[in-house]
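The structure under discussion appears below in the form of structure tokens.
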Amino acid sequence: SKTRHFKWEVGYIYASPDCNEKILIGINGQFPGPTIRAKAGDTIHVELKNTLHTEGVVIHWHGIRQFGTPWADGTASISQCAIDPEETFVYRFRVEKAGTYFYHGHYGMQRAAGLYGSLIVDAADGEAEPFRYDGEFNLLLSDWYHQSIYDQTVGLSSKPFRWIGEPQTLLINGRGQYNCSLAAHLIEGSNTCETTSKDCAPVVLRVLPNKTYRLRIASTTSLSSLNLAIGNHKMVVVEADGNHVEPFMVDDIDIYSGESYSVLLTTDQNPSSNYWLSIGVRGRKPKTSPALAIVNYSPNSPSKLPESSPPIAPEWNDYNHSKSFSYRILARRGAPKPPQSADRRIVLLNTQNKIDGYTKWSINNISLALPPTPYLGSMRYRLKNAFDAGTPPENFPSSYDVMRPPTNPNSTQSSNAYVIRFNSTVDVILQNANALAVNVSEIHPWHLHGHDFWVVGYGDGRFDEKDVARFNLKNPPLRNTVVIFPYGWTAIRFVADNPGVWAFHCHIEPHLHMGMGVIFAEGVEHVGKIPKEALVCGMTGKMLMHNHLP
Ligand code: C2O
Ligand code: CU
């Protein structure tokens, strides 16, 4: 295994991801950021310089466990102090498992400003994936807003509340088309777009007939849940969040923010035609046009328009379609099985609330407010009063009706954390509910840092003790992100074997900003020496100043 070195500068740049020039956060002048490619067992060493000038920055390596390096998880206020302008921070960590991952900003709403890129881990030398393919493509999906993240952030925390609305454009590898005909783009000489920029030209997947390709698909959307389909072709799902799944064939896949998949595509259709790959919005009434890419059968010209029209995504509110896809995802034979029982069960009710008239999301009636001193340092050095004391609730009142808006929508803000016994097995039940408006319940993709978890069950309505008997303990899939469907619940199980402090939150950027997350701390006394650069703010900063480092 190798150490792979990267030197990055993060800063605002001009870019036209959808043929409209805006500023966004790039890395080394690139958007999306450079792709990291490594082999399982390698060490990644990123020297990150913040050139944002007026704000801090951190980068989270989504899906990487950070076993033994919790300070490299890249979460502001949780694992480290944000990197100040002109300062450099070194992220150094091991990638243990082959799979499709990505990285992104984890401070304020910087992810939505374009701070993301792909992280692909290949099997270690001498190891092989349990499926074969002739070539591969990487598709990093995102959504794009023309409104700046500052404007978005202020609106979300204003009274009256200003919602960000639907994104202007869906992007594939940082490229999309807003308000201009993609066909026009393809037919030479009839380009009706305002720009001559190649930045927003459609992605082309150049394939040979009768081969099998691996498509790596990851979603780092701010808001949108997506559906991906390829005209005339079926796909076989083989990987989810860096874990092998029992292969199954589909016409289309749903992918939520924070998830990744690999699918195998066999190019067995009429080779004289090209085909559309289309990405549409799920779970919210779409106001955003689908993103299109071309599957270009060689030797056809990539600008040859496909004969059949782009596949249409299922109705946005066809939740049965989404559920049946999620329920089909199961661990590949031979995958690690979960412990057969749990030591603790935490039930987390997801509600939309009000605090002093501000709109928030709460978990068991607590809206997460991050503290000025990152938890990892304050817990490791046992600093008093660095965050709110007390344990957040393990459950919610049995009288709460998840099918109706909250009768008392008043909530509170807190920075308290769940402390989990090291090496214990934990079940978490994510319970969805009605939001503030009647007959509204939304999809939330929940992501856990520092772990993979087994998805042991799903259900509609309110979770009941009896449901435990129906948990799938035989072949539940391992993942790091899982969705809760409207008015439903999802049960996960994980082993708290990774010393550190870990965020568990809804991956929708505005929802996290509105407090939709919790903090898990485990085995913090086993955390090794935290690099000083991660501690230079808040109370740990003061501790360093007075040289009180134990
Ligand atoms: Cu990709 Cu805490 O998130
Ligand atoms: Cu959410």
*Which semi-axes, in whole Å and largest first, does the equivalent ellipsoid of segment 212-339 have when worked out from the alpha carbon gyration tensor as the square roots of 5 times its eigenvalues?*
26, 20, 12
_How far apart, in nanometres, would the label points at D134 and L436 be if each is projected 7 angstrom from Cα along the Cα-to-Cβ direction?_
5.5
*Dipole of the chain, positive direction: furthest Cα of T490, M109, V263, with charges on the beta-carbon*: T490
*Nearest 0.05, what FRET efficiency do I312 and R344 give at R0 = 41 Å with Cβ-Cβ as r?*
0.35
_Of all DSSP beta bridges in the chain, antiparallel share, percent nearest 5_ = 75
*Distance between Cα centroids, segment 442-490 to segment 239-262: provide it in whole Å.*
16
*Simple label model, 7 Å out from Cα along Cβ direction - E533 to N179, nm*: 4.2
*Over the alpha-carbon set of the chain, divide Rg by the Kirkwood Rh and report the Rg/Rh ratio to two decimals.*
0.95
_Could you tell me the calculated FRET efficiency between T407 and K474, based on Cβ-Cβ distance and R0 = 51 angstrom, to the nearest 0.05?_
0.80
*Note the full-extension length gain between L208 and H5 as 0.36 nm times their separation in residues minus their Cα-Cα distance, in nm to one decimal.*
69.7 nm
*For labels at E86 and D460 in the simple 7 Å Cα→Cβ model, what's the distance in nm?*
6.0
*Report the full-extension gain for the segment R333 to H53: residue separation times 0.36 nm, less the Cα-Cα distance, to one decimal in nm.*
95.8 nm
*Between S324 and N28, what length comes free when the chain is fully extended (0.36 nm per residue of separation minus the Cα-Cα distance, one decimal in nm)?*
102.4 nm
*Which FRET efficiency value, to the nearest 0.05, do you get for E525 and H45 by plugging their Cβ-Cβ distance into 1/(1 + (r/R0)^6) with R0 = 30 Å?*
0.65
_Computed helical MRE - 222 nm, the chain, DSSP H runs ≥ 4 contributing -39500 (n - 2.57), nearest 500_ = -2000 deg cm²/dmol
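Rule-based calculations on the coordinates, nothing more; no lab input. These numbers come from a predicted model, not from an experiment. All Cβ positions, even for glycine, are placed from backbone atoms using ideal geometry, and neighbour counts span all protein chains on display.
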